[in-house]
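Since the structure comes first, as structure tokens, the remarks are kept for the end.
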Amino acid sequence: KAQPNAWALGDVEALRKLPFPREIEVCTNALETSDRMKDMIGHVTQGWDRGVENALTKGPPTLAIRPIYMLLGANGTIDTLRARGYRIEGP
């Protein structure tokens, strides 16, 4: 209940403090026991990150949608873009 409430209010600080949904962690851990699935997840993530970077540097205005835990989490999209030298405003 806390997560949807924080989302609805735009309370990014509360979202950062909340644990990620447990079912996502369990599913990811189960999938990553297979090297093939781990590689596939990494490939998809890298492709998404490249697409975002291309849209930021070369493309027209773009809307990208990603679960909040993939944006704010450790090594999430925001951290990845900051590490590549982008200035991130907001969350």
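The values are calculated or read from the model by the stated rules, or taken from the named source; none is laboratory data. Keep in mind that what you see is a predicted model, and the values were worked out from it rather than measured. As a convention, Cβ positions derive from the backbone with ideal geometry for all residues, glycine included, and neighbour counts pool all protein chains shown. Side chains are part of the model used for accessible areas, which takes the heavy atoms of the whole protein and leaves out ligands, DNA and RNA. Shrake-Rupley method; radii C 1.70, N 1.55, O 1.52, S 1.80 Å.
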Original post:
Given the C-alpha centroids of region 1-48 and region 64-86, what is the distance between them in whole angstrom?
Top reply: 11 Å
Subject >> Accessible surface of the chain [probe 1.4 Å, protein heavy atoms]: carbon and sulfur percent >> reply: 58 percent
**OP:** Using a cut-off of 15 Å between beta-carbons, work out the net charge of the residues near Trp7 (Lys and Arg +1, Asp and Glu -1, Trp7 not included).
**Re:** +2
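Once you charge only the Cβ atoms, +1 for Lys and Arg and -1 for Asp and Glu, what is the size of the charge dipole of region 1-42 about its Cα centre, to the nearest 20 debye?
Dipole about the Cα centre, nearest 20: 120 debye.
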Original post:
Which one of Thr62, Ala74, Ser34 has its Cα pushed farthest toward the positive end of the charge dipole of region 21-78, where Lys and Arg give +1 and Asp and Glu give -1 at the Cβ?
Top reply: Thr62
Subject >> Estimated 222 nm signal from helices in the chain, with DSSP H stretches of n ≥ 4 weighted -39500 (n - 2.57), rounded to 500 >> reply: -19000 deg cm²/dmol
**OP:** Within 10 Å, count the other beta carbons around each residue, average over each peptide in 67-78, 28-39, and list them highest first.
**Re:** 67-78, 28-39
Original post:
If you put +1 on each Lys and Arg Cβ and -1 on each Asp and Glu Cβ, how big is the dipole of the chain around its Cα centre, in Debye rounded to 20?
Top reply: 160 debye
Original post:
In Å², what does the accessible area per residue of the chain work out to with a 1.4 Å probe?
Top reply: 78 Å²
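Tell me the volume per residue, in Å³, of the convex hull enclosing the alpha carbons of the chain. Before the final figure, lay out each step's value.
Details: hull volume 10.1 nm³, N = 91.
Normalising the Cα hull of the chain by residue number yields 111 Å³.
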